[in-house]
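Below is one structure, written out as structure tokens, with a few remarks after it.
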Amino acid sequence: MYSFSYQKAKTVADAAKVLAKDGDAKLLAGGQSLIAAMKLRLAHPSAVIDLGTIKELSGIKGDSKAVAIGAMTRHAEVASSAAVKKAIPALASLAGGIGDRMVRNMGTIGGSLANNDPAADYPAAVLALGATIVTNKRKIAADEFFKGMYETALQKGEIITSVSFPVPKRAAYMKFKNPASRYAIVGVFVADSGSGVRVAVTGAAPSVFRVAAMEKALAAKFAPESVANIAVPEKGLNSDLHAKADYRAHLVTVMAKRAVEAAMK
Amino acid sequence: MTVKVSLTVNGKPASAEVEERTLLVNFIRDSLRLTGTHVGCDTAQCGACTIHMNGRAVKSCNMLAMQAEGADLVTIEGIAKADGTLHPMQEAFRQHHGLQCGFCTPGMVMSAIDLVKNFPDPSEELIREQLDGNLCRCTGYHNIVKAIKAASQTMRS
Ligand SMILES: Cc1cc2nc3c(=O)[nH]c(=O)nc-3n(C[C@H](O)[C@H](O)[C@H](O)COP(=O)(O)OP(=O)(O)OC[C@H]3O[C@@H](n4cnc5c(N)ncnc54)[C@H](O)[C@@H]3O)c2cc1C
Ligand code: FES
Ligand code: FES
């Protein structure tokens, strides 16, 4: 790891000030992705600004309409939150399936979304539930947030402060895990808001995406057979040593079917 | 540049001058000479470096020492009683032959204590699922799972 200067931010404004001054500075949340990248010298920030001590960034608030999760809230806290389990059980169970227990004790929702790993779990929930990403500058709709592999709509110096999830009528997430890393080879999140259905796929392509054909079929009839014969095109899907594109395309249909089944329970 | 990190380790205050980029596991092993915490992979995959920070299991190879500033850490050296009586989890690993070479064991024990805290009465299936952050190259896991199941019972009573 190259050397860098380290500081703890006291407030979000504090962190933003440092980021504005030093273009090579980076925010540190749980560090589960960033520290690993720094060890590999894939990232070499001049300064690391630790968000760990900013109390206002952590915590969960929920009612019957929406659940707001602070950016520094750890995956383990989301997984065990009574409010999340009650309002959006699919989201709690998604968080409980990220990585392993040690990763879940450190990793945060803000870090995961800012990182936008093609195989990360949270992006599927954010996109399917139509969540809103709140930053120190504005509110970003899920449909506008994910821009490509490791790319988001976040601008330089922009800090995620929380994520607000509308409570769906029913929802479920099914992931076909890479058995070694537990990242999604393919993960499908299906959410029925009551006024429409959204289907988001992670792991399969360079970035999370929606499947319009499945959404339409499920809006007409919310049942596994509605998606059983809908396949996504192989073209543009990831192909690597873990799974070829045709297999990932196949998995999208299988996971979507299972997610619908689970959401109906 | 160096910075000073101060925290509590196994109930006692500890501090040292470290580089900003010093990993927590290196602070524990090199500065504090607590070498029970192992480095198996250094890439956050194997769990050998697992310790408790503020009561939660974390991989000390995948965080900076400075991230633990002010925290309350417990390492494998801190779980037995002062008179040498083993922690129920350690005792169960001993009783059930939950180790062979022992390299993964400190991380396994620390992770397993966190597991049982969260799931006081885990099934065998749940133990296997919840232990997925810890790799063992020797035992084939059967006796580790047995040990954790047994320890969950003694820890409850
Ligand atoms: C062994 C292992 C297995 C894993 N398995 C999975 C898995 O199955 N599924 C999954 O989804 N993920 C998995 N992860 C990744 C994990 O979920 C990370 O926690 C997550 O990707 C990053 O969160 P973090 O809090 O650690 O962020 P960090 O690593 O601290 O930061 C990541 C990036 O986000 C930026 N950032 C952080 N916070 C903010 C903010 N508030 N505003 C703007 N930018 C910010 C940082 O500058 C950095 O560029 C795994 C990680 C490991 C080590
Ligand atoms: S040494 Fe930390 S996880 Fe392997
Ligand atoms: S006992 Fe040898 S690695 Fe687990």
Within region A:1-33, tally of residues that are under 22 Å from B:CYS61 (Cβ atoms) and either among the aromatic types (Phe, Trp, Tyr) or open to solvent by less than 30 Å² (accessible area, probe 1.4 Å) (or both): 7
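One residue is enough: does region A:147-164 have a residue meeting the conditions more than 22 Å from A:ASN116 (Cβ to Cβ) and either part of a strand (DSSP E or B) or more than 16 Å from ligand 2 (Cβ to nearest atom) (or both)?
no
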Out of (1) within 27 Å of A:GLY130 (Cα to Cα); (2) within 12 Å of chain B (Cβ to nearest Cβ); (3) open to solvent by less than 10 Å² (accessible area, probe 1.4 Å), the one A:MET38 does not meet is (1)
B:ALA14 - would you say it is within 16 Å of ligand 1 (Cβ to nearest atom) and more than 8 Å from every other protein chain (Cβ to nearest Cβ)? no
Under 22 Å from A:ASN178 (Cα atoms) and part of a helix (DSSP H, G or I) - does that describe any residue in region B:89-108? yes
Are any residues in region A:2-30 in contact (Cβ under 8 Å) with a residue 24 or more places away in the chain and in a loop (DSSP other than H, G, I, E, B), and if so, which ones? A:TYR2, A:PHE4, A:ALA9, A:LYS10, A:THR11, A:ASP22, A:GLY23, A:ALA29, A:GLY30
Please find, within region A:54-77, the residue that is nearest to the chain's Cα centre (by Cα) out of those that are within 14 Å of chain B (Cβ to nearest Cβ), modelled with pLDDT of 95 or more and assigned to a helix (DSSP H, G or I). A:HIS75
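Could you tell me whether B:LEU86 is open to solvent by 40 Å² or more (accessible area, probe 1.4 Å), without any contact (Cβ under 8 Å) to a residue 40 or more places away in the chain, assigned to a loop (DSSP other than H, G, I, E, B) and away from ligand 1 (no atom under 16 Å from the Cβ)?
Working: open to solvent by 40 Å² or more (accessible area, probe 1.4 Å): yes; without any contact (Cβ under 8 Å) to a residue 40 or more places away in the chain: yes; assigned to a loop (DSSP other than H, G, I, E, B): yes; away from ligand 1 (no atom under 16 Å from the Cβ): yes.
When the stated conditions are applied, B:LEU86 passes them.
The values are calculated or read from the model by the stated rules, or taken from the named source; none is laboratory data. All values derive from a computational prediction rather than experimental measurement. A quick note on method: Cβ atoms are made from the backbone with ideal geometry, for glycine too, and the neighbour counts reach across all protein chains shown. The accessibility values were calculated without ligands, DNA or RNA, using every heavy atom of the protein model including side chains. Shrake-Rupley method; radii C 1.70, N 1.55, O 1.52, S 1.80 Å.
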